[in-house]
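Below is one structure, written out as structure tokens; comments come after it.
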Amino acid sequence: MQISMILVWAALAAHDTTARDQSYALSQCAVVQLGAAPRLFVALPSNELAAIDIRTGAALWRTTRAAFPLLARGNRILALLPPVSGKPGWLTAVLDAGSGAILSRLPPWGDGAGTVGEGMGTSVTLEGVSNGGRDYVAWRSRRQQISGVPGRYPTYFDSGAAEVDLIRTTLIPLPQGIPHRALAIHVDQPAGYHTDAFEVEDHVAVAARVYVNPGFQLVLHRWRGQSQLPDVMVGGSPQYNDAISVSQDRRHVLGIVQDPAALRRYRYNIAAFATVTGQSVGRLASDAYPATFVVWDRRLIYFVPDRVAIGDLATARSLYQWTLRDLRYHGSYPPAARRP
């Protein structure tokens, strides 16, 4: 990857809007709220929505009156309600983040069935997004008719969005959708990659996996103004089973390297670094690859496909985990077409 190209992306990076964001979605079933009262809101297999104290791992409350967490601000949380027969559209409400009580129900919006998850040939998500101190909720769907003949039918995509105010308890549909907040990955040769440039405070950064024959290095490139700062070596491996990942709030990066000595099951050695300072935050060993994550007070809060786990980066110990609701489709599919 050419440094000159990185500087161009750095100049075009979006302005930092994380300072006023208070919650981050780890998945459809998990939202983490940082700050003075750090909490994790999770959709459980019991069809309950629960609030978890990040410091202790204990459940603060549970409710069956709400289904999925979307975003939190202050002492309020926006949640998706269970669908109601005869009431199409998304049904959302503002809950008290301290008790789970419903404070206000927002008007239905959208034309969909008001439920999330995977079906046969369908996938529907609803997520909360904060930007510059304003809060939004966006839905996205993918639909394809399933056939025994691969590629026979086209795939259709649809989306919609609304701006929400958790204090005034208002919801205003928007005429257009909102961009997905995930950082794009750009492939380098051979077998390396780098992320979009992203901004935190007054720094711009790019996370990259760089080929250094033999093997790879996981590197965090940083700039402050026009000055390039020293690269941060996050990790590396002589093999292909490693990765560098950026937190949902962009304030930390992880170097993730699979332990080759763990033969009976997967094992990952995880190193966390602060984006702005480049300093090490700590390490953790895990049996699962963190798909999304944030760091709070040297605690790694991360999502894997069936659960959210919390680990202590200062002591390298796993602390708590909560199993999430399964949204995958487990039904049957049409039989595959026979070859002539």
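What follows is calculated from the coordinates using simple rules that are stated; it is not laboratory data. Since this is a predicted model, take the numbers as computed values, not measurements. Ideal geometry is used to build each Cβ from the backbone, glycine not excepted, and the neighbour counts take in all protein chains shown.
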Translational diffusion coefficient of the range 22-173 at 10 °C, 1.306 mPa s, Stokes-Einstein with Kirkwood Rh over Cα pairs, in µm²/s as a whole number.
99
Yeah, the range 255-325 with a ≥ b ≥ c from its alpha-carbon gyration tensor (a/c under 1.5 is rounded, else prolate when a/b outruns b/c, oblate otherwise) is oblate
Under 12 Å from a label point 7 Å along Cα→Cβ of ASN213: give me every residue in the range 181-204 with its amide N that close.
190
Counting each pair of different Cα atoms once, what's the Kirkwood radius of the range 185-323 in Å, rounded to one decimal?
15.3
Kirkwood Rh, the chain, all Cα pairs: how many Å?
21.6
Compute the relative contact order of the range 185-323 as a whole-number percentage, counting only Cα pairs closer than 8 Å that sit 6 or more residues apart in sequence.
13
So what is log10(I(q)/I(0)) for the range 83-160 at q = 0.21, 0.25, 0.27 1/Å, when the Debye sum runs over its Cα atoms only?
-1.06, -1.25, -1.31
With the crude spin-label approximation of a point 7 Å out along Cα→Cβ, what separation in nm comes out for ASP326 versus ALA184?
3.6
Taking Cα atoms, how many degrees apart are the long axis of helix 3-12 and the longest axis of the chain, rounded to 10 and kept between 0 and 90?
30
Under Karplus coefficients 6.51, -1.76 and 1.60, residue-wise ³J(HN,Hα) of the range 137-142 in Hz, glycine/proline x
10, 9, 10, 9, 9, 10
Could you give the dipole magnitude of the range 185-323 about its Cα centre, charging the beta-carbon of Lys and Arg +1 and that of Asp and Glu -1, in debye to the nearest 20?
400
If we count every other residue with Cβ under 11 angstrom of GLY236's Cβ, Lys/Arg +1 and Asp/Glu -1, where does the sum land?
0
Take the Cα radius of gyration of the range 106-248 and divide it by 2.2 N^0.38 Å, with N its residue count; two decimals is plenty.
1.42
